[in-house]
1. For 198, 207, what ranking results if the residue with the fewest other Cβ atoms within 10 Å of its Cβ goes first?
2. Sorting 203, 68 on the 10 Å Cβ count, fewest up front, what's the list?
3. Would you work out if the stretch 30-139 is rounded, prolate or oblate? Take a ≥ b ≥ c from the square roots of the eigenvalues of the alpha-carbon gyration tensor; rounded if a/c is under 1.5, else prolate when a/b is larger than b/c, oblate otherwise.
4. Charges on Cβ only, +1 for Lys and Arg, -1 for Asp and Glu, centred on the Cα centroid of the stretch 59-226; of 137, 110, 84, which one is farthest towards the dipole's positive end?
5. Kindly identify the stretch 59-226 as rounded, prolate or oblate by the Cα gyration tensor criterion: order the square roots of the eigenvalues as a ≥ b ≥ c, call it rounded if a/c is under 1.5, otherwise compare a/b with b/c, prolate if a/b is larger, else oblate.
6. When a/c reaches 1.5 or more, the comparison of a/b and b/c decides; with that in mind, is the stretch 40-93 rounded, prolate or oblate per its Cα gyration tensor?
7. Go through the stretch 218-223 residue by residue and turn each phi into a ³J(HN,Hα) via Karplus (6.51, -1.76, 1.60, θ = phi - 60°); whole Hz please, and just put x for glycine and proline.
8. So for 188, 238, 162, fewest C-beta neighbours within 10 Å to most, what's the order?
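What follows is calculated from the coordinates using simple rules that are stated; it is not laboratory data. Everything numeric in this text was worked out from a predicted model, so none of it was measured. Cβ sites come from the backbone with ideal geometry, for glycine too, and all protein chains shown count toward neighbours.
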Amino acid sequence: MDLRRSACIAGIVVVAALASPALAQVTYGELPEDFVLFVNFDEGSGETLVDYSSYGHDLELSSGSADWVADNGSGKALEFDGETAFTIEKTDALASFVDTITVGAWVRPSALDGWRNIAEMDGDANQSWKVGFNNANPVFTTYHVKDHTASGTMELDVWQHIAYVYDGANANFYIDGAHDSEIAGNGIFDTSGDTVVSLDVGWRSTSQTSFMSGAMDQLWISTDAKSAAEVKELMGGITLGVDPAGKTATTWGLIKQR
């Protein structure tokens, strides 16, 4: 655990209401251990995405440029321009994905043609996964086995929340907190294998393709298969009770205005 993230942070969980009565923020004293990544894109400058999980998985710019934009709230988001990508080498925590995963993010796509990756762990064998879009449809992939494709589609130039849940048997997709579709699962993944070497955001690193195009905010990845109720809660945004940099009462989960 990275002590600079955990100092003075209590392990209490509360839920606080936002301006929208339909949604609430989830406030953690410290993120649960199943969260292996949470980036809020509020840096506003630089080429590092700070991870506020307990594992310290800060991502470094590996392609393109980091263009910071407003997130329609009080914070920032990152504009992926079709060449932007971030990477961190695999750690023990990132090697712990076995059959279950949930990924959530706010996105505002500016292009949805072809393959567009949000996040992935790629490799040469049937051990890896990705989440993203193919021609506007959300997709969860067990690499070299199956592209699980949602029936719903994303909109261009609109903030939307997307969540992907895989429990080893089925892939479930949630758009703006509503269940979109369930696709029968095929393929297992186990990121402990030697061919899976990194966690990548915004591209497919092995082929340097499938770049994300558009803005992204509040990206989190869990080793658990979250329930529909948990996905709905997390859509409202994650807030930490104490800012690791020493600031308090910082809002990190404002609802995007449609």
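1. Details: 198 18, 207 9.
Sorted ascending by nearby Cβ count, the order is 207, 198.
2. Details: 203 30, 68 16.
Fewest-to-most ranking of 203, 68: 68, 203.
3. Values: a/c = 1.60, a/b = 1.13, b/c = 1.41.
In terms of gyration-tensor shape, oblate.
4. 137
5. Numbers: a/c = 1.63, a/b = 1.19, b/c = 1.36.
Since a/c reaches 1.5 but b/c is at least a/b, the shape of the stretch 59-226 is classed as oblate.
6. Details: a/c = 2.74, a/b = 1.33, b/c = 2.06.
Oblate.
7. Values, residue by residue: 6, 8, 9, 9, 10, 7 Hz.
8. Working: 188 13, 238 20, 162 24.
Going from least to most buried by this count: 188, 238, 162.
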